[in-house]
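> Input: one structure, supplied below.
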Amino acid sequence: MSQHLLVLLPLLLPLYGAILCLPFWKRSLPQQWVAGCTQVCWMASAAMLIYEVTTTGIVKTQIGNWPAPYGITMVADIFSALMIGASTIVGFAVYLFSLRGLNESRKTYGYYPMLLLLQMGISGVCLTGDIFNLYVWFEVLLISCFTLLALGGTKAQLEGTIKYVTINMLASGLLLTGIGMVYSLTGSLNLAELGRLVRQPGSDLSLVNIASIFFLIGFGIKSAIFPLFFWLPASYHTPPIAISAFIAGLLTKVGIYTLIRLFTLVFIMDRNFILPLLLVLSGLTMVVGVLGAASQTDFRKILSFHIVSQIGYMLMGLAINTPLAIAGSVFFILHNILVKTNLFLISGVVAQRHKTFALKKLGGEYLKNPFLAILFLLSALSLAGIPPFSGFWGKFMLAKAGLLNENYSIVATSLAVSLITIFSMTKIWNEAFLKPKPDNNGSEKEVVTSEEKQASRYLLVPVVLLAGIILFIGLYAEPVISLSIRAAEQLKNTDLYINAVLNR
Amino acid sequence: MIFIVLAGFITSFLAPLLYRLLGRYVYVPMVLLPLAIFVCLCSFLPEVLAGQYVQQEYVWVSSLNINLQFYLDGLALFFALLISGFGTLVMLYAKGYLDDHPLLGRFYLYLTLFMTAMLGLVMSDNIFSLFVFWELTSISSYLLIGFKHKNETSRTSAWQALLVTGGGGLALMGGLILLGIGNNSYTLSDILVNNGFISHNLYLPALILILLGCFTKSAQFPFHFWLPNAMEAPTPVSAYLHSATMVKAGIYLLARLSPLLGGSEVWQYTLLLVGGVTAVMGALLALQKTDVKAILAYTTISALGLLVTMIGLNSELALEGMLVFLLAHALYKGTLFMVAGAVDHSTGTREVQELYGLGRQMKPVAIAATLAGLSMAGLLPFLGFIGKELLYEAALEDPAKELLAFAVTFIAGSVFACIATLVGYRLFWSKSTNSSPVKHAPGAMLYLPPLLLGTAGLAFGLWPELLATPILHRAAQSITGNTELLLELTLWHGFTLVLGLSLLTLLVGLLLYRFLPRLHQFAPALEAIYTYGPNNLYHKGIAGFLNSSRKFIGWLQNGYLRSYVATIVLTFSGLVLYTTFRNKPELALAEYASLLKNTELYEIIIMILMVAGLIFLMNTRSRLTSIVVMGLVGYSAALFYILFGAPDVAATQLLIETLTVVIFVLLLHKLPAFTYLSHVGHKYKYIFVSVIFGATMTYVLLFTQQHAVGSPLKDYYGQASYLEAHGRNIVNVILVDFRGLDTLGEITVLAIAALGIVGLLRLNPEKGGKR
Amino acid sequence: MKTIILSTAIRLLTPLFQVFSIYILLRGHNHPGGGFIGGLIGAIAFVFDTLANGHESTEKTFFTLKVYQQPRKSGISYLQHYLQFIRMNIQRKKEAGQLDVQQQYCIQLRPVYLMALGLFIATISGTISLLLQQPFMTSQWPEFHIPVLGSPGTPLLFDLGVYLLVMGIILKIVFTLAKE
Amino acid sequence: MEALLSIVTGMLFMVSMYFILHRHLFKLILGLILFGLATNLFMFVAGGLTRGNSAILKQDQEVAIEPYADPVPQALLLTAIVIGFGLQAFAIVIIKRVYQVYKSNNLDDLANNDNIEH
């Protein structure tokens, strides 16, 4: 298959899927089929891309056949291919969940095309090699998030969406101004060309440094780092699980992906300023996120705050900025995408039976549903970084990189935060699973119909799928870790990327 | 060796399935597993006893150098045999104890998982595979302690144990990484050869972190509090985890690393101090408890303290003594826990005050208890005696720390004697008019294991050279590295000072026993002290932490959008200004001095129009006017675009502005009446934020303009637009050809927005409010 | 706003605007204009019509096609039947009364279909080159020329897609809003 | 000229931020729209200003001849304006729905999501 097609398939497949969904507007069944086929094809395309990238190196295509700094380049290296791979898995799982886990009215009002276009946006962000094109894909991502978050229009959803929309529009504006600045200061939009230009001896970088702040804040908002994360805990727990699981699993990680991409390739000139800044931000993000998680008593709110906390870990790798650290970040991102989605899905399965997310009212799942309990425990321990589950490896790589680089305080922080993560994960375990279900004075007996029982059994399918993958990359971590290390080496060795894109 | 571990894991996960298949008889395979492992390990005995070791390596995560390396030398084999041997008995005992529990399958899962993890821990040769197993023991013990999950205290105790040991585990992880960095290897057998690590500058942090890990695991002061609480677990768990295995993991690691880390002052004094305090404190607290399991738990803490003290002494004799005592302790404490469980099971209580003269009703149990009690008291033909003798010898060997070590050993020893009398004698043989009622006599599964263990204590004491000496000899050799060392365990040393001390200890113990009831009376008065104890500190700490984090998050994530935006904007402006200050780009203000130099009049008029519009917007209270004025501001911007050669942009801006106004107008009459809301109180704060933001942007924009460079893109597009892309309108050519992908994304955005708007307007919460 | 003169004037002007918008679309490659602006102009015409006449009227006038149908009479071949069917629909104003019309149903051109079509055209114009083993969106310029357009290359197709999509979107939004 | 325009852009940013920080929902949406306008202007001004000469080749030209306005920021701007319109339209509708559901103009009434339940 030609490279041109290979690189673009992850982008085009969801787009065509969405286009095919549109004529069946308001008829969910055909949309379901189209979306399902698209998800499977998307997975296959990602697998092919990963294979190609790992065997032949960076692949790219020049859109419109215009040469590199002038046209838009779509380029895939190991990192982006892995990101897309993880997204496809999560996308498939969420799709499976949505079949039974989402109410019909939401499906008829465009859930599937929006989800597909969201996935297209993710592919676009991961693949693009052009800074303005990056912005465009981010907007695709964002607007699909807006619409999905608001889909259904409950009170809480609307409130969450307002906050989400406002803050993210602010971020987009800052990005746009940043892009304007970068273009007028360097005369280029191509990431590789920018990377080349800033590395040229004698180029005046003082203003590019200022522009980098625009991007740090813009993408920082999108990836929910410390003083910018407010929109996340305000909105992620409001929509139905089939929506929030996908968004929670992927969106912030895509932001971090972009930060890693930009701050390894382009904005790395002022190391003595940017890296300590990132380090401080990552520490604060971890701590504040985990404090938030510890203070909450709602299943999904705890998970939402944990997203923030774990973003700190991913940023930590970037801030330490050694190959091992970045490999740690890469691995952490991949693992976190899967685990976080799975935890959200599990919360959905639990809530589907109890009709609530409040830990106070949950309980008894350990006896009633031991299988789900095991799946939760596995994911939760993985998130908390208990070996031999997948989270441990990421934590280990980051901690080792930090200690090697003598960033002792951040490692100490990360380990302490990890303890509190264990704390809040076991809090959920204690409350929702171990604790006997509190009886609401017998007033409102929950009648679980056999149909619902069957549905909730069905909902376990995607959870099992994800848990299996999590277990696999925990116990047999070698392939993913070695891929992460290779991805990090590619990221650090920017000449590879620049030469591949600019054809030199 | 990997097969042992794998078999363990597989069997453990099969346990619930087997339970479904076999019902109560699930215990048969579960008992056979540790037995098989025990036998399998025994097959390594000849090799190890001959002074060799077995090493195996399996690739796991090779890119991080974390592989499954196993290493079986004397120490590892000693521990592994202990674990699997004990495991067999405990599995059997658990069957008797939890006979008809509905979750028996899960119990066996956790217990077998734990055992396997423990085996993996002691056999690991790679510090990180060791760590993996270490954490697995924490997790499985968490599940075991919380086994009675409907019980709230059970849940909190399990949680506490997990957090304390888990926290220690994280410290250990840091320490091990430092160890790995300092020694450039993760393989224990390689690291241990390195003698120069003590002078490495990573030594101290690594040491502290590793000690933290070991101390939490082995319940050393001030982390000991989780262990008594963990007595909430079913008794088989206590017998297994909290006497013989898990708590010994810390001891194992300390012993294992002592050739590398030991020898420094810090090591010695920390261990002596912490171990000593733990031993004494555990002993004293044991005297005040009336619950049999609690008493045993505190004596366990005390014994662990003693072991740590011995490792701290770091002499060969001390290490030997440590190993002997460890074996003796495991044997008698395991027995006693099982006895306590049997008593609890038959009588329904564990309060010593209520238990008298059970001997006649449950003879086998009583015999086991007596055997163990005698060993614990350190009476002559038992292994406990040998252990204590060695401890005294070691304590008195080192003149520098003689007093401390001796005092610790003495106090702990006497308390042990006292407790032994209490448990081994009073519970069963004391003559009392009303012996406690026994609901049902314990079954064979409940008394056979303790009986076996108790007898083993006697047998090892009588014939130490038979089994204990060779394996202990090799174990000690792996720690000290001294192959010449010959560990001689003999029962009778002759009339020496040490023997005298032993007798004295016994005497004091009996004296203590005599006054025990008074001590018990005295106990409530001491409650006040516990307020400041670590257990309470833990609970208060958690509560305080939760409270303060709740307050902090409540303040930070306060729900007000504007404070979020203000924080973000201030962060942004602050960072931009700081970076500007840091980089000091040149801004030639002189160039801007003549602001109006080349400005056309109509441009000024448009600008004035815009500014006036903005000012008007700030002040108007009518929605319709604000919409219209906003449209006008947009139109003025469009005029700018026209003036500066961007007709396409201008047209788009005009049309879009019109559409926005139309959308507003379409919605306007649906909105409730316009109520005026002022900025309450914080007006000036927000004005300040806005001004800072506006100023920052202006500042940046001025810089950018001055430093703009000619763009190669412009030239290229200018060249290629007509010749290659066949279009004269370069902007349009860029949109549909050069950068067509942008446009594709852009129209996708529009499409999604339209779909979203439809969904939002049509799908009302009344119709689709279900989550 | 609903004065008769205004609404009639707008109704009459709307088709004119459509022609203008297509003109803008076509000249876009060489002069200011293009699919986006064209689409906006076309849509805005309908939007004004909606404002003046209400969305039902707009939808009925511009986006609904009435189709008359008749079961096939025995003895008539399929070809004849379809010819008759087409003739019947073309001449419906005159003959509607005379024909024995069995069924009459409306084909609604829903804006969503416009959107889908537009997005599809835009995407397919890029994909064509992929099928020719060239990078996505490589422009293909056929040899022949059409009088007004010049050579109809894929960028023009792309622009057409944009035009349709923008029109569909604006109409979708405005109709939905107007229905509220 | 550039300086003046920069200042006007800055003022746009300022006013838009003031509106966004306002607790009135309607002002919030005005602020967002103005913010979009300001970013567009920023982009346009930062890209360099050329009076008059648009980037359109005349009939007799085959390549563009200086001076002409840089077409790149214009193209970017066009894309950004359109994207901005999509976002704004969605935001306007959201605001409308919030009015409908909450029956309130006050953003401060929308602070329930972040409450910590005990």
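> Taking amide H atoms as placed 1.01 Å from N in the peptide plane, list the residues 5 or more away in sequence, or in a different chain, whose amide H sits under 5 Å from that of B:Tyr58.
It is B:Leu68, B:Gln69, B:Phe70, by chain and number.
> Please list, in order, the residues from segment C:42-81 whose amide nitrogen is less than 16 Å from a point placed 7 Å along the Cα→Cβ vector of C:Ala9.
C:45, C:48-53
> Tell me, what is the FRET efficiency for A:Asn499 and A:Arg271 to the nearest 0.05, using R0 = 22 angstrom and their Cβ-Cβ distance as r?
Values: r = 22 Å, r/R0 = 1.02.
Efficiency computed from Cβ-Cβ geometry: 0.50.
> Can you bin chain C into rounded, prolate or oblate? Criterion: square roots of the alpha carbon gyration tensor eigenvalues sorted a ≥ b ≥ c, rounded for a/c under 1.5, prolate for a/b above b/c, oblate for the rest. Intermediate values should be presented prior to the final figure.
Details: a/c = 2.15, a/b = 1.24, b/c = 1.73.
Oblate is the answer for chain C, as a/c is 1.5 or above yet b/c matches or exceeds a/b.
> Hey, can you rank A:166-176, C:75-85, D:50-60, B:93-103 by average C-beta count inside 10 Å, highest first? Can you show the working numbers first?
Working: A:166-176: 25.5, C:75-85: 11.2, D:50-60: 15.5, B:93-103: 19.0.
Highest-to-lowest ranking by the protection proxy: A:166-176, B:93-103, D:50-60, C:75-85.
> Also, quick follow-up: Counting only other chains, what is the mean number of Cβ atoms within 10 angstrom of the Cβ of each residue in peptide A:229-239?
Values: counts 4, 12, 4, 1, 5, 9, 2, 1, 2, 2, 1.
Taking all residues of A:229-239 together, the mean is 4.
> Can you give me the long-range amide H partners of B:Val438? Hydrogens built in the peptide plane at 1.01 Å from N, cutoff under 5 Å, separation of 5 or more residues or another chain.
Answer set, sorted by chain and number: none.
> Something else: Can you tell me the order of B:78-84, A:321-327 when each peptide is scored by its average per-residue count of other Cβ atoms within 10 angstrom, highest first? Walk me through the numbers on the way to the answer.
On the way: B:78-84: 24.7, A:321-327: 22.7.
The packing order, highest mean first, is B:78-84, A:321-327.
> Please work out the Cα convex hull volume for chain A and give it in Å³ per residue. Provide the component values of the computation, followed by the final result.
Details: hull volume 65.7 nm³, N = 504.
Hull volume over Cα atoms, normalised by residue count, gives 130 Å³.
> Let me ask something else about it. Can you give the Kirkwood hydrodynamic radius for chain B, in Å, rounded to one decimal and based on Cα pairs? Could the numbers behind the result be given before it?
Values: mean 1/r = 0.0314 Å⁻¹.
In chain B this quantity evaluates to 31.8 Å.
> Please compute P(r) over all alpha-carbon pairs of segment A:279-330, binned at 10 Å starting from zero, and give each bin as a whole-number percent.
32, 42, 22, 5
> By how many degrees, between 0 and 90 and to the nearest 10, does the Cα long axis of helix B:402-420 differ from the longest principal axis of chain B?
Helix B:402-420 sits at roughly 70 degrees to that axis.
> Check the straight Cα-Cα distances from A:Lys155 and name the aspartates and glutamates below 16 Å, setting aside those fewer than 8 residues away within the same chain.
List returned: B:Glu766, D:Asp108, D:Asp109, D:Asp114.
> Still on this structure, please answer the following. Show me, for segment A:74-85, the HN-Hα J-couplings you get by feeding each phi into the Karplus relation (A = 6.51, B = -1.76, C = 1.60, θ = phi - 60°), rounded to Hz, glycine and proline as x.
9, 9, 10, 10, 4, 4, 5, 5, 5, 4, 5, x
> Farthest toward the dipole's positive end in segment B:140-255, which of B:Ser199, B:Ile177, B:Leu211, given Cβ charges of +1 (Lys, Arg) and -1 (Asp, Glu) about the Cα centre?
The one lying farthest along the dipole's positive direction is B:Leu211.
> I've got another one for you. What are the ³J(HN,Hα) values, in whole Hz, obtained from phi via the Karplus relation 6.51 cos²θ - 1.76 cosθ + 1.60 with θ = phi - 60°, for each residue of segment A:99-105 in sequence order, with x given for Gly and Pro?
In residue order, the calculated couplings are 4, 10, x, 10, 6, 4, 5 Hz.
> Calculate the translational D of the protein assembly as shown in whole µm² s⁻¹ from Stokes-Einstein, where the hydrodynamic radius comes from the Kirkwood formula applied to all Cα pairs, the temperature is 10 °C and the viscosity 1.306 mPa s. Numbers along the way, then the final one.
Numbers: Rh = 36.0 Å.
Reported coefficient: 44 µm²/s.
> Okay, moving on. Once the Cβ-Cβ distance between B:Lys150 and B:Val39 is put in as r, and R0 is 30 Å, what FRET efficiency do you end up with, to the nearest 0.05? Numbers along the way, then the final one.
Values: r = 38 Å, r/R0 = 1.28.
Taking R0 as 30 Å, the efficiency between B:Lys150 and B:Val39 is 0.20.
> Now a separate question. Mind checking the angle between helix B:74-97 and chain B's longest principal axis? C-alpha axes, 0 to 90 degrees, to the nearest 10.
90 degrees
> Also, I was wondering about something else. Quote the FRET efficiency, to the nearest 0.05, computed for A:Val40 versus A:Arg457 with a Förster distance R0 of 30 Å and r equal to the Cβ-Cβ distance. All intermediate terms of the calculation are to be shown ahead of the outcome.
Values: r = 23 Å, r/R0 = 0.75.
With R0 = 30 Å, the Cβ-Cβ based efficiency is 0.85.
> Next up: Grab the alpha carbons of segment A:343-450, take their convex hull, and tell me the volume per residue in Å³. Walk me through the numbers before you get to the answer.
Numbers: hull volume 10.6 nm³, N = 108.
Convex hull of Cα atoms, per residue: 98 Å³.
> Going by amide H atoms built from the backbone, whose H comes under 5 Å of the H on B:Asn729, apart from near neighbours?
C:Asn30, C:His31, D:Leu57
> Could you compute Rg(Cα) / (2.2 N^0.38 Å) for segment B:1-149, with N its residue count?
Numbers: Rg = 15.7 Å, N = 149, 2.2 N^0.38 = 14.7 Å.
That ratio works out to 1.06.
> For the pairs A:Lys60/A:Lys340; A:Lys453/B:Lys148; A:Lys340/C:Lys179; A:Lys107/D:Lys96; B:Lys217/B:Lys363, note any where the Cα-Cα span goes beyond 29 Å.
Values: A:Lys60/A:Lys340 31 Å; A:Lys453/B:Lys148 27 Å; A:Lys340/C:Lys179 40 Å; A:Lys107/D:Lys96 23 Å; B:Lys217/B:Lys363 36 Å.
Distance filter (> 29 Å) returns A:Lys60/A:Lys340; A:Lys340/C:Lys179; B:Lys217/B:Lys363.
> With a point put 7 Å past each Cα toward its Cβ, work out how far C:Gln140 is from B:Leu668 in nm, to one decimal.
4.9 nm
> Using helices alone, what [θ] at 222 nm do you get for the protein assembly as shown, with -39,500 (n - 2.57) per DSSP H run of 4 or more residues, divided over all residues and rounded to the nearest 500? Please list the in-between numbers first.
Working: 65 runs with 1123 residues, N = 1573.
Computed mean residue ellipticity for the protein assembly as shown: -24000 deg cm²/dmol.
> Exposure proxy check: C:His29, A:His354 ranked by fewest other beta carbons within 10 Å? Could the numbers behind the result be given before it?
Numbers: C:His29 26, A:His354 18.
Arranged by neighbour count, lowest to highest, C:His29, A:His354 become A:His354, C:His29.
> Roughly how tilted is helix A:241-265, in degrees to the nearest 10 and between 0 and 90, from the longest Cα axis of chain A?
Its long axis makes an angle of about 20 degrees.
> Follow-up. Starting from the Cα of A:Lys368, draw a straight line to each of the aspartates and glutamates and keep only those under 16 Å, dropping any in the same chain fewer than 8 residues away.
A:Glu431, A:Asp439, A:Glu446, A:Glu452
> So between B:Ala50 and B:Ile181, what do we pick up on full extension, going 0.36 nm a residue minus the alpha carbon distance? All intermediate terms of the calculation are to be shown ahead of the outcome.
Numbers: separation 131, 0.36 × 131 = 47.16 nm, distance 3.37 nm.
Length difference between fully extended and current span is 43.8 nm.
> Something else: Apply the Karplus curve 6.51 cos²θ - 1.76 cosθ + 1.60, θ = phi - 60°, to the phi angles in segment D:21-28 and return the couplings in whole Hz, x for Gly and Pro.
Whole-Hz 3J(HN,Hα) from phi for segment D:21-28: 7, 6, 8, 8, 4, 5, 5, 4.
> Let me ask something else about it. Can you check what the net charge comes to around B:Leu516, using other residues whose Cβ is under 13 Å from the Cβ of B:Leu516 (Lys, Arg +1; Asp, Glu -1)?
Details: positive: B:Lys289, B:Arg426, B:Arg514, B:Arg518; negative: none.
The answer is +4.
> If you don't mind, another one. Let me confirm one metric for peptide B:685-691, namely the mean number of other chain beta-carbon atoms within 10 Å of its residues' beta-carbons. Intermediate results must be reported in sequence, preceding the final value.
Values: counts 1, 7, 4, 0, 5, 12, 6.
Partner-chain Cβ atoms within 10 Å, mean over residues of B:685-691: 5.
> Give me a single rounded figure for A:14-27: the average over its residues of other chain Cβ atoms within 10 Å of their Cβ. The partial results should precede the final answer.
Values: counts 0, 9, 5, 0, 7, 12, 2, 2, 11, 7, 2, 9, 4, 0.
Neighbouring Cβ atoms belonging to other protein chains average 5 per residue here.
We did not get these values from a lab; they are worked out from the coordinates using the rules stated. Being a predicted model, the structure only gives us computed values, none of them experimental. Cβ coordinates were reconstructed from backbone atoms using ideal geometry, including for glycine residues, and neighbour counts include every protein chain displayed.
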